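Peer 1: Quick one: the structure is below, and I'll ask about it shortly.
Bear in mind that the values in this text are calculations on the coordinates, not laboratory data. What you are looking at is a predicted structure, and each value in this text was computed from that prediction instead of being measured. Quick reminder, even Gly has a Cβ in these numbers, built from the backbone with ideal geometry, and neighbours come from all protein chains shown.
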Amino acid sequence: MNPILILLCGLLSALAHLAAVQAASPPSRPNIIVILVDDMGWSDLGCYGSEIPTPNLDALASNGLRFTQFYNTARCCPTRASLLTGLYPHQAGVGHMTSPHKDAQGNVLPGYTGRLNDQCVTMGEVMGSAGYFTIMSGKWHVGQNLGVVPWERGFDRSLNAAAGGFYFHDSARTELFLNGQPVGRGGASGVPAEWYSTDLWTEYGLKFIDEARAARKPFFLYLAHNAPHFPLQAPPETIARFRGQYTMGWDKLREARHARQKELGVVDPSWPLAPRPEGVKAWDELGDAEKDRFDQIMAIYAACVHRMDRAIGTLVDGLRQRGALDNTLILFMSDNGGNAESGPNGRLEGPDPGGASSTVFCGESWAWLQNTPFRLYKHFNHEGGIATPLIAHWPAGIRSPRGGAAAGTGSGRLIHEPGHLVDIMATVVDVGGATYPKEFNGHAIRPMEGRSLAPFFSSVPSTEVRPLYWEHEGNGGIRLGDWKLVRRGALGPWELYNLRADRTEQANLAATRSEIARDLAAQWDAWAKRAYALPGPWKAAAKTKPASRRARFDLGPEADLARADSPDCSNRGFTATVRIAAPGREGVLVAQGGEAHGWAMFFQNGTFHFALNRSGSLEQIRSDDPAFASAKTITAALGADATLALAADGREILRKKMAGLLSTLPVDGLQVGRDLAGTVGDYAAPFPFAGKISGVLIELDPRR
Ligand SMILES: [Ca+2]
């Protein structure tokens with residue numbers, strides 16, 4: 001044969017082979033990693049305005065997408081339930097935390113079972129059915145205490161904490177499960193003897209990814225960091241790096257973050273910066289010792305965030321080394337806004353602040369910075385509680401909508417379209433080519449609520465306006481387009497905001513645009529009933545039930561009484577005696593009621609307070625007497641003539657005539673050791689007591 005012909009034939013055959021290979025290999029399905037962090041505020045990443053160095057997440061953002069109006073559901077457990085299932089939290093059974101709530105007849109409320117129910121599927125179950133190798137590493141917190149565990153809810157491999165609460169191998173509450181087996185200390189299970197949780201979740205994520213690759217399957221990894229949730233703990237060298245950097249204080253730092261947010265384009269410059277709340281002091285008014293203490297707290301928080309970012313870098317490097325980065329979709333978000341629990345002062349306790357045996361909470365003052373430029377915190381449905389960063393990174397799948405030089409990268413695009421956690425399931429199903437089931441393990445499955453975010457990956461789609469909903473502890477919210485209706489507490493008045501003009505929720509338009517408010521409230525009510533948010537444990541529904549006739553209540557340290565089971569203290573004197581097992585400088589000893597009516601005993605900044613709220617008029621009596629701080633019992637007696645007597649260890653310390661008795665039984669119930677839903681005193685719910693309570697005895701005066 002003619003040598004040229006031979007060459008031509010060879011060339012043609014090679015070309016044909018190449019074409020056949022290309023036709024036979026459609027782009028393989030992407031790996032998917034969903035990363036959730038815990039209690040991180042909206043402004044805590046560099047790419048959302050923070051001064052905390054987060055170069056690895058910033059790099060994902062600059063090569064991917066950032067969503068500026070993405071939402072979680074304001075609290076750990078509900079967010080995890082919603083994210084895992086693509087449903088609103090109550091539909092998955094986790095409207096609150098992981099203990100069930102009951103109605104007046106003693107039946108568990110369907111939206112508040114405290115565990116993922118059988119009417120939902122997890123992303124693990126859906127992606128496993130689609131042929132993915134499914135991995136979970138980190139904090140679970142959707143009902144392990146009630147038997148709902150990752151290894152039985154769709155994850156082929158898992159290293160998990162039931163509910164978080166620790167960072168180090170030797171932290172007090174450390175308890176790990178490796179593929180369902182409890183991991184003892186000391187390394188016998190193969191888990192190293194010494195670790196920092198942030199790094200450990202990442203190490204095991206990569207280890208399991210190697211198993212997926214060996215099995216020749218695409219992987220789905222749910223990586224749930226417990227950072228930066230309290231108790232804040234980080235390696236000392238990382239804390240040292242930040243020590244002294246926060247003496248500038250929250251006022252200036254909040255302005256600096258806001259300025260950066262405007263430069264980055266993640267906020268609209270016309271939105272006013274929400275002002276400093278009453279409970280948070282002006283930084284300049286603090287003494288040097290206070291400033292130093294607050295600097296130390298924030299240095300520990302910043303260290304937790306920075307180490308989390310470093311672990312993201314380890315994960316990305318690991319993917320790159322395995323040649324898997326290009327075709328892996330990474331989605332990153334936080335489960336709720338910055339956390340004000342423990343009040344404006346935060347907590348800094350233990351011999352080694354930031355170490356394994358310390359208890360550090362950032363508190364309201366720093367949470368206010370973390371949620372720049374918004375109002376309120378974790379628990380609330382205002383933007384500070386529910387706004388989260390969402391970063392999407394996927395070199396093979398995210399493109400610049402205009403093509404050109406930036407094609408093949410997201411080029412740091414910002415998406416201003418509102419989105420919600422329920423969209424993550426829809427997205428994962430969409431890009432993974434999975435099918436969301438109508439039935440699973442013989443149970444009918446509720447239809448998913450979200451819609452895929454994938455159209456944003458390559459274009460600027462025009463999307464239909466749809467409502468998004470929230471409910472947590474009676475707080476409620478609905479967003480429809482630019483309008484948001486939101487309230488504090490089940491009985492709180494609805495507030496209406498136009499988020500296009502005012503995302504920081506400063507100008508309440510409920511009175512002037514009442515027709516819009518009414519319409520949104522009706523939509524919210526319909527959703528709340530449809531999605532099992534109602535009936536809930538917070539609502540005034542219990543109001544119809546007659547008040548308890550008991551006169552003596554001997555309550556345990558965790559008591560949480562519904563309205564009708566609480567002491568009927570209307571127009572009646574009473575005596576409350578708190579037995580304290582370990583002293584604490586902050587938090588509620590006992591609280592009955594909320595923002596309209598109620599009473600509470602609490603410590604703030606080491607000082608004992610008694611609060612009496614009569615129809616919204618709050619009297620707070622405080623005593624600087626040191627006897628309270630060390631007392632084994634503290635007694636508050638409110639006489640029939642409204643004289644208040646406060647005693648420590650049986651010795652009367654203060655006597656004062658109050659304006660009157662409570663005129664009605666408060667709608668909110670009674671809690672020992674915290675104040676749920678509406679607050680009685682001047683603190684942020686739930687303001688848990690930092691010490692230990694062994695019990696509370698409440699005795700009502702006889703009715704005259
Ligand atoms: Ca959380």
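Peer 1: Which length gain, in nm to one decimal place, applies between Ala104 and Thr664 when the Cα-Cα distance is subtracted from 0.36 nm times their residue separation?
Peer 2: Length gained, Ala104 through Thr664: 199.6 nm.
Peer 1: In whole angstrom, and with the biggest value first, how far do the Cα coordinates of the stretch 544-700 range along each principal axis?
Peer 2: In descending order, the Cα extents are 42, 30, 27 Å.
Peer 1: Only Cα pairs under 8 Å and at least 6 apart count here; give the relative contact order of the stretch 163-244 as a rounded whole percent.
Peer 2: Normalised by residue count, the contact order of the stretch 163-244 is 31 percent.
Peer 1: Right, something else. When Asp199, Asp326, Asp554 are ordered from fewest to most other Cβ atoms inside 10 Å of their Cβ, what list results?
Peer 2: Asp554, Asp326, Asp199
Peer 1: Something else about it: Mind listing the long-range amide H neighbours of Leu453? Cut-off is under 5 Å, sequence gap 5 or more, other chains count too, H placed in the peptide plane at 1.01 Å from N.
Peer 2: Close amide H contacts, sequence-distant or interchain: Thr427.
Peer 1: Taking the alpha-carbon centroid of each part, what is the distance from the stretch 52-96 to the stretch 210-276 in angstrom?
Peer 2: 13
Peer 1: Using the beta-carbon distance between Lys252 and Ala215 and R0 = 60 Å, what value does 1/(1 + (r/R0)^6) give for FRET efficiency, to the nearest 0.05?
Peer 2: The value I calculate is 0.70.
Peer 1: While we're here: What is the spread of the Cα atoms of the stretch 428-547 along each of their three principal axes, largest first, in whole Å?
Peer 2: The principal-axis extents, from largest down, are 52, 42, 21 Å.
Peer 1: Here's a follow-up. Estimate the FRET efficiency between Thr575 and Glu290 by the formula 1/(1 + (r/R0)^6), using the beta-carbon distance for r and 56 Å for R0, to the nearest 0.05.
Peer 2: 0.95
Peer 1: Pairwise over distinct Cα atoms, reciprocal of the mean inverse distance: report the Kirkwood radius of the stretch 41-198 in Å, one decimal place.
Peer 2: 17.6
Peer 1: Let me ask something else. Which of rounded, prolate, oblate describes the stretch 644-696, given a ≥ b ≥ c as roots of the alpha-carbon gyration tensor eigenvalues and a/c under 1.5 marking rounded, otherwise prolate only if a/b is larger than b/c?
Peer 2: Working: a/c = 2.05, a/b = 1.14, b/c = 1.79.
Verdict is oblate for the stretch 644-696.
Peer 1: Then there is this: Can you sort Trp151, Trp538, Trp283 from fewest to most other Cβ atoms within 10 Å of each residue's own Cβ?
Peer 2: Ranking Trp151, Trp538, Trp283 by Cβ neighbours within 10 Å, fewest first, gives Trp151, Trp283, Trp538.
Peer 1: With a Förster radius of 60 Å, plug the Cβ-Cβ distance of Ala582 and Ser452 into 1/(1 + (r/R0)^6) and report the FRET value to the nearest 0.05.
Peer 2: Efficiency for this residue pair is about 0.75.
Peer 1: Expressed in nm to one decimal, what extension gain is obtained for the pair Ser514 and Ala444 from 0.36 nm per residue of sequence separation less their Cα-Cα distance?
Peer 2: Between Ser514 and Ala444, full extension yields 21.2 nm more.
Peer 1: Is it possible to state the helix-based mean residue ellipticity at 222 nm for the chain, with each DSSP H run of 4+ residues giving -39500 (n - 2.57), the sum divided by total residues, to the nearest 500 deg cm²/dmol? What is it? Intermediate values should be presented prior to the final figure.
Peer 2: Details: 14 runs with 168 residues, N = 704.
Rounded to the nearest 500, it is -7500 deg cm²/dmol.
Peer 1: Here's a follow-up. Sticking with the crude label model, points 7 Å out along Cα→Cβ, report the distance from Ala645 to Arg466 in nm, one decimal please.
Peer 2: 6.3
Peer 1: Looking at this model, which pairs from Lys378/Lys529; Lys262/Lys529; Lys252/Lys656; Lys102/Lys438; Lys139/Lys217; Lys102/Lys656 are more than 30 angstrom apart at the alpha-carbon? Write out the running numbers ahead of the final one.
Peer 2: Details: Lys378/Lys529 24 Å; Lys262/Lys529 39 Å; Lys252/Lys656 41 Å; Lys102/Lys438 28 Å; Lys139/Lys217 24 Å; Lys102/Lys656 39 Å.
Result: Lys262/Lys529; Lys252/Lys656; Lys102/Lys656 exceed 30 Å.
Peer 1: Moving on to the next point. Once all Cα-Cα distances of the stretch 467-530 are split into 5 Å bins that start at 0, what whole-number percent is in each one?
Peer 2: Spelled out per bin, shortest first, that is 4, 20, 31, 28, 13, 3, 0.
Peer 1: Let me see the pair-distance distribution of the stretch 172-229: every alpha carbon pair, 10 Å bin width, integer percents in order.
Peer 2: 19, 51, 27, 4
Peer 1: Ok, one more. Could you size up the charge dipole of the stretch 31-458 around its Cα centre, putting +1 on the beta carbon of Lys and Arg and -1 on that of Asp and Glu, and report it in debye to the nearest 20?
Peer 2: Charge dipole of the stretch 31-458: 840 debye, to the nearest 20.
Peer 1: Suppose we keep just the alpha-carbon trace of the chain; what are its Rg and Dmax in angstrom?
Peer 2: Cα only, the chain: 26.9, 120 Å (Rg, Dmax).
Peer 1: Please work out how much length the chain gains when fully extended from Gln620 to Asn605, using 0.36 nm per residue of separation minus the C-alpha to C-alpha distance, in nm with one decimal.
Peer 2: Additional length available on full extension: 4.0 nm.
Peer 1: Could you check what % of the DSSP bridge pairs in the chain are antiparallel, to the nearest 5?
Peer 2: About 75 percent, rounded to the nearest 5.
Peer 1: Identify the trypsin sites (Lys or Arg not before Pro) of the stretch 184-241 meeting these criteria: DSSP loop state and at most 12 other C-beta atoms within 10 Å of the C-beta.
Peer 2: For trypsin sites (Lys or Arg not before Pro) across the stretch 184-241 that sit outside H, G, I, E and B with at most 12 neighbouring Cβ atoms in 10 Å, the list reads Arg216.
Peer 1: Work out which helices of the chain, taken as complete DSSP H runs, extend at least 27 Å along their axis over the Cα atoms and score a mean Kyte-Doolittle of 0.5 or more, then list them. Can you show the working numbers first?
Peer 2: Working: long enough: 3-24 (31 Å, 1.98); 288-321 (48 Å, -0.24).
Long hydrophobic helices here: 3-24.
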